[in-house]
1. Within the stretch 321-342, track down each residue that is modelled with pLDDT of 95 or more and of a type outside the set (G, A, S).
2. Would you confirm whether any residue within the stretch 232-248 is touching a strand residue (DSSP E or B) at 6+ places or on another chain (Cβ under 9 Å), closer than 17 Å to N151 by Cβ and basic (K, R)?
3. Among the helices (runs of 4 or more DSSP H) confined wholly to the stretch 9-97, which include 1 or more residues that are among the hydrophobic types (A, V, I, L, M, F, W, C) and within 16 Å of ligand 2 (Cβ to nearest atom)?
4. Give A336, A313, A330, A326 a once-over and let me know the one that is more than 15 Å from ligand 2 (Cβ to nearest atom), assigned to a helix (DSSP H, G or I) and either of a type in the set (K, R) or surrounded by fewer than 22 Cβ atoms within 10 Å (Cβ to Cβ) (or both).
5. Evaluate the stretch 262-270: report whether one residue or more is under 20 Å from the mean Cα position of the chain (by Cα) and either surrounded by 20 or more Cβ atoms within 10 Å (Cβ to Cβ) or assigned to a strand (DSSP E or B) (or both).
6. Confirm whether W285 is crowded, with 16+ Cβ neighbours inside 10 Å, in contact (Cβ under 8 Å) with a residue 12 or more places away in the chain, of a type in the set (A, V, I, L, M, F, W, C) and assigned to a loop (DSSP other than H, G, I, E, B).
7. Can you run down the residue pairs with Cβ atoms below 6 Å, 6 or more apart or on separate chains, where the first is in the stretch 6-34 and farther than 18 Å from E68 by Cα and the partner is within 11 Å of ligand 1 (Cβ to nearest atom) and in a strand (DSSP E or B)?
8. Would you confirm, using the coordinates I've provided, whether K93 is touching a residue at least 12 places away in the same chain (Cβ under 8 Å), surrounded by 16 or more Cβ atoms within 10 Å (Cβ to Cβ) and among the basic types (K, R)?
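The values are calculated or read from the model by the stated rules, or taken from the named source; none is laboratory data. Quantities reported herein were computed from a predicted structural model and do not represent experimental measurements. With ideal geometry, Cβ positions are generated from the backbone for all residues, glycine too; neighbour counts draw on all protein chains shown.
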Amino acid sequence: MPESKRTRIGLIGCGFYAQNHLHAWSDLKAEGADLVAVCDLDGAKAEAAAKQFGAKAYSDARAMFTAEQIDLVDITTQMNSHKALAALAAEHKVGAIVQKPFAPTWADCIDIVETAKRHGTWLAVHENFRFATGMRRVRAVIDSGAIGQPNWARLGFRTGYDVFKGQPYLAEEKRLVILDVGIHVLDLARYFLGEVKHLTCETQKRLPHVKGEDTATVMMRHNSGAVSIVESTYAARKIPDAFPETLLEIEGTEGSIVVGRGDKMQVTTQGIFFEENIGSPLLSWTSRPWHNSQEAVLHTSRHMLNRFRAGDAADTSGEDNLKTYALVEAAYEAAASGQSVKPPQWIAKN
Ligand code: NAD
Ligand code: 89V
């Protein structure tokens, strides 16, 4: 690929989950992505990533943007730094991919989108559940018409896996399970069933060692008339534990799709039944139980690279992710009020 066609990638935040982003960009070198610089406030983390993946190390994002010619930056820090780092990228006319959650508040999310618009820079959110191999296969079955018009669904991320070991900060979050993982499942509900007219939500705090809600049950009416139930919990007590699988049932006018433990999809279509394993293959750098999530990072990063190059919006652009984030905020509002909440009000209101 001619030099002019290659894309110079920077990455900010060389922490726990970023290792998957670093491997993904390394794999995408063959498709024109050059990871030229990595940055972390913790210089040792930046140096380790730079050494392993052959990039230049920085401990200050502004210094990296000043010294390097970066086309697209992957922001893989925690959400509290997303707004400042995305603004810095925009000021330097650099496209940005921001890890989920977009930001801690709705106002911050709006600010990030508006800042990119003001600078005319490309912006997307790394929301990778919809890019996972298994979820793409479910969507393909829906798109084939095999189950007709989807009209009811239950999607759940129910685990008792110790997510706090790799991500200890989660135990301190006052808004925990909806903002951390419910956000992924709400995005899947949009991906499979379309936009939402209104929703209700009940939250629970069943774990003694966390500050936020660890269980949420959301019920949604979609504009299509479909009804979905979106469940997320870190307090499940079940063996075998499904982590990090999203289990689902989607019913339609002509059949249904069921995804159970072990990446097993069962499809009923016009009276015929078939079963398929929809799990991800293991890559050289992935391992169970995270392998589906890890491979989703590669698919998501490839999507971002290709859309950025083409000058097209990502499927999970900043603007698109506002619609998912609006469901998060509506769910918290509904849980607090005990009332049904219309997400579009959130978009209109803010
Ligand atoms: P982490 O704390 O392990 O890593 C974040 C890193 O960013 C740290 O090393 C920190 O030093 C660095 N950092 C913070 N502010 C910085 C700044 N201003 N400049 C440079 N470096 C800075 O966090 P994590 O667990 O890897 O999570 C990171 C993000 O990834 C979170 O938003 C989390 O929700 C998300 N995440 C997504 C998935 C998924 O996509 N499925 C899975 C896990 C985590
Ligand atoms: O995927 C995520 O966003 C992680 C989780 C623990 C849910 O895997 O935070």
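1. Correct list: N321, L322, K323, T324, Y325, L327, V328, E329, Y332, E333, Q339, V341.
2. No, the stretch 232-248 has no match at all.
3. 18-27
4. A336
5. The answer is no, given that none of the residues of the stretch 262-270 is under 20 Å from the mean Cα position of the chain (by Cα) and either surrounded by 20 or more Cβ atoms within 10 Å (Cβ to Cβ) or assigned to a strand (DSSP E or B) (or both).
6. yes
7. Cβ pairs passing all conditions: H21/D74.
8. Answer is no for this residue.
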